[in-house]
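The structure appears below as structure tokens.
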Amino acid sequence: MKLKGKVAVITGAGSGRGMSRGFPEGFAKEGCNLSLNIYGEDAERVAGFVRELEACGVRVVVTPGDISEENVVKQLAENTMREFGRVDILLNNAGITDPMPITQMTSADWDRMMAVNLRSQFLTCKYFVPYMIQQRSGRIINISSQIAQKGGTDHCHYAAAKAGVIGMTKALAWDLGKYGITCNCIAPGPIDTQMMDSVSEEWRVRKKADLALPRFGRIDEVVPSAIFLASEPDGDLYTGQTLGPNSGDVML
């Protein structure tokens with residue numbers, strides 16, 4: 001097990017069928033204890049999900065709430081340190097998308113996109129980095145998107161927020177390297193999750209034809225990138241980098 005005994009904080013976790021489930025499951029199978037932020041799910045579903053994760057032989061604590069709100073992040077940090085006494089990995093997965101042309105976009109639409117996709121990552125880093133500095137170790141993994149690198153129709157607010165994630169990641173990599181802390185991004189391309197359920201078959205066919213690997217990715221093809229970055233010695237020399245499991249949608 002690559003992460004046995006480690007403690008990972010994962011935001012935007014949940015019992016659905018996307019990366020919200022995939023990251024906690026993947027980390028639990030590698031023996032990693034979990035401090036999860038989950039938002040918008042009823043207590044019964046959350047309890048069932050926790051039981052599934054604990055069946056891997058790991059400890060799990062959940063902090064509910066909107067991770068873009070500072071009091072929720074503060075509570076997440078307090079719960080993590082009370083339960084585990086340390087944090088080895090911070091995986092910022094929380095995010096939303098809401099495609100619309102800028103002519104229809106309100107200031108509230110813009111602000112909400114920035115709050116969930118960018119402000120939340122600033123807040124978690126603000127509250128967890130001091131513990132990592134004390135430990136002289138830590139792995140920060142921020143989830144961005146290939147849209148940040150290439151743009152996309154009706155996604156100006158989403159692209160801007162996710163591009164901000166990449167910029168923040170690079171700056172933090174410079175700031176934190178001297179403490180033994182790495183900071184990296186994962187920018188997935190089209191992944192076959194529930195977010196794809198709302199797009200037309202015509203769009204799916206057209207998009208696949210634009211990819212060097214003409215298919216959408218699966219969750220289990222993205223999760224290993226996070227495990228790699230979190231693992232020792234696998235991810236030791238990676239910092240300020242953006243890994244792109246994107247079927248060739250972006251080539252750098």
Leaving ligands and nucleic acids out of the surface, order K2, K29 by accessible area at 1.4 Å, largest first. K29, K2
Residue-normalised value, i.e. accessible area per residue, for the chain at 1.4 Å probe, in Å², stands at 47 Å²
Sum -39500 (n - 2.57) across every DSSP H segment of at least 4 residues in the chain, then divide by the residue count to get the 222 nm mean residue ellipticity, nearest 500. -12500 deg cm²/dmol
Mind ranking R215, R139, R21 by accessible surface for me, highest first, 1.4 Å probe? R215, R21, R139
For the chain, the helices passing both cut-offs (Cα extent along own axis of 20 Å or more, Kyte-Doolittle mean at least -0.5, full DSSP H runs) are 120-135, 156-176
Ordering M81, M1 by accessible area with a probe of 1.4 Å, largest first, what comes out? M1, M81
Specify the inter-centroid distance of the range 83-147 and the range 148-202, based on alpha-carbon positions, in whole Å. 10 Å
By how many nm would the segment from D197 to R51 lengthen if fully extended, with 0.36 nm per residue of separation less the alpha-carbon distance? 49.8 nm
Residues of the range 146-168 with amide nitrogen under 19 Å from the 7 Å Cα-to-Cβ point of A209? 153
What is the percent carbon and sulfur in the accessible area of the range 112-223, measuring with a 1.4 Å probe over the protein chains and ignoring ligands? 55 percent
In nm, give the distance between the simple-model label positions of D236 and D42, each being 7 Å from the Cα along the Cα-to-Cβ direction. 4.9 nm
When the expected Rg is taken as 2.2 N^0.38 Å, what fraction or multiple of it is the alpha-carbon Rg of the range 136-197? 1.30
Distance in nm between pseudo-label sites at M251 and Q134 (7 Å out along the Cβ direction from Cα): 4.8 nm
Full-stretch length increase - T153, F228 - with 0.36 nm per residue and alpha-carbon distance subtracted: 23.8 nm
In the structure displayed, which of K170/K207; K4/K126; K29/K150; K74/K208; K74/K207 lie more than 31 Å apart, Cα to Cα? K29/K150; K74/K208; K74/K207
Working only with C-alpha atoms, what are the Rg and Dmax values of the range 78-117, expressed in angstrom? 16.3, 48
Those GluC sites (Glu not before Pro) from the range 52-104 that are DSSP loop and have at most 16 other Cβ neighbours within 10 Å turn out to be E69
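The values are calculated or read from the model by the stated rules, or taken from the named source; none is laboratory data. Predicted, not measured: the structure shown is a model, and the values here were computed from it. Note: ideal-geometry Cβ built from the backbone for every residue, glycine included; neighbour counts use all protein chains shown. Areas reflect the complete protein model, heavy atoms only, side chains present, ligands, DNA and RNA absent. Shrake-Rupley method; radii C 1.70, N 1.55, O 1.52, S 1.80 Å.
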